[in-house]
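One structure is given here, and the rest of the page talks about it.
Derivation of every value follows stated rules applied to the coordinates shown; laboratory data play no part. Here the structure is a predicted model, which is why all the values come from computation and not from measurement. All Cβ positions, glycine included, derive from the backbone under ideal geometry; neighbour counts span all protein chains shown.
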Amino acid sequence: MPGWQAQFEPLRKAGKIRIVGIVQEQHAERARLYAQWRKIEWPILVDSLNLYGNSAVPIVMMVDEAGRIVRQKLGEFLAAKPVMRAAREQIALDPGVKAFLAGDLDGAISEFGKRGLAPNPISLFRLGVAFRARADSKGRKPRDAQTAVVMWEWALRLTPNQYIWRRRIQQYGPRLSKPYNFYGWVQQARTAIEKRGETPLPLTVEPRGAELMDRDLVVANALPDSDPERKITRDAGKLVDLECFVTPWTVAPGERVRVRLNLRPAAAEWNNEGQELSATLKGPGFRVVEGQLTHANRGSGLRTLECEVEIAADAKIGKLKIPGYALYDVCVKADGTCVYRRQEFTVTLNVSR
């Protein structure tokens, strides 16, 4: 991106061209932070749904005065004579796209989901985008994040050369499946912006775990079964909401998946003076190979635990269910009583050849 900016910025400032960027990104505010860091002054549109239909980036499109995309070199494009603007019909928005852009995620999911009987890869990808957006919103529902991964995988199986769709899965998937650290620039950007005396733009959803992982070795942190006799009192999800999802959802024997646990206080608050949050995975057919299954006692909101699991080479084809539980210290909002609780969960994935 800095190379494109250096090439076109002088022409923009001279009034010879206007620039509009289009970014393929799930989270719009991350593009805003990047633009603030790099001092990008032209508009940037966020195409989360891949409306443009491009399968790879970056590309440059040149649009003339009539709104036509022209295939010219930059010098020829700037030297060309203006043409008359042609009348063009406005294309009606797809109902699912319209609902998504209006912030109606339930409506978008409903509209994109209507095509399930005759699966279309574009609709499946966009359905995944809508589920992921709802998973990151206050209107989240159980399994939204996992369903997003399943929809993206389905779409990619139908269109395997779609680089952009593949990246969306890799964003949340195993560390070694990534060609580079996708969001490692975020802290660098914040530091540079603060040094300029500015306040970095906030992010609604902070990059976490797999989104920030580099390809260096990460030590495994598989915890022993700390409650083998199941004596700790259960929380049935009333004090803390627990969501787990795995990326990818379909995996071959011997391959890795990334497991993420999101825990949000509901009728309680974290007790930062008690024992730290921890999670344990149990059972045969897998092993924890790296990651972090404990969380330090700090903060008041979402706490995320992540690890990578390697599926056994002799794992049976079909659904694999990995049971687990989380342990946490919380204080009940109703009366302030601080309690230590255990909550069960199951990581489910599909083992396939």
Residue-averaged 222 nm ellipticity for the chain, from DSSP H runs of 4+ at -39500 (n - 2.57), nearest 500: -8000 deg cm²/dmol
Calculated on alpha-carbon atoms, Rg and Dmax of the stretch 272-345 in Å: 15.4, 50
For Asp314, Asp329, order by how many other beta-carbon atoms lie within 10 Å, fewest first: Asp314, Asp329
Sequence-distant aspartates and glutamates (8 or more away, or on other chains) whose Cα lies within less than 20 Å of Lys81: Asp64, Glu65
Equivalent ellipsoid dimensions for the chain as semi-axes, Å, which come from the Cα gyration tensor, largest first: 42, 24, 20
Residue order, fewest to most surrounding Cβ atoms within 10 angstrom, among Phe112, Phe182: Phe182, Phe112
Positive minus negative residues near Val347 (Lys, Arg vs Asp, Glu; Cβ under 14 Å): +3
Of Ala133, Gln24, Ala80, farthest towards positive along the dipole that unit charges on Lys, Arg, Asp, Glu beta carbons give the chain: Ala80
Ranking of Val60, Val149, Val205, Val347 by count of other Cβ atoms within 10 Å, fewest first: Val60, Val205, Val347, Val149
Spherically averaged projected area of the stretch 2-79 from its Cα convex hull (nm²): 5.8
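Treat every Asp and Glu Cβ in the chain as -1 and every Lys and Arg Cβ as +1, leave all other atoms uncharged, and give the resulting dipole magnitude about the Cα centre to the nearest 20 debye.
960
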Alpha-carbon spread of the stretch 130-178, three principal axes, descending order, Å: 33, 24, 14
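Run the numbers on the chain and let me know its relative contact order in percent, using alpha-carbon pairs under 8 Å that are six or more apart.
Worked out over the chain, it gives 13 percent.
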Straight-distance crosslink candidates among lysines, where the alpha carbon sits under 20 Å from Lys141 and sequence neighbours closer than 8 are dropped: Lys114, Lys238
Pairs beyond 28 Å (Cα-Cα), from Lys16/Lys195; Lys98/Lys138; Lys13/Lys195: Lys16/Lys195
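In cubic angstrom, how much convex hull volume per residue do the alpha carbon atoms of the stretch 218-351 span? Present the calculation step by step, with values, prior to reporting the outcome.
On the way: hull volume 13.7 nm³, N = 134.
Once divided by residue count, the hull of the stretch 218-351 is 102 Å³.
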The stretch 94-199 pair-distance distribution - Cα-Cα, 10 Å bins, rounded %: 14, 36, 29, 16, 4, 0
Under 18 Å from Lys321, Cα to Cα: aspartates and glutamates that are on another chain or at least 8 residues apart: Asp225, Glu243, Glu255, Glu306, Glu308, Glu310, Glu344
Protection-proxy order for peptides 150-161, 192-203, 274-285, each taking the mean of Cβ atoms within 10 Å per residue, highest first: 150-161, 274-285, 192-203
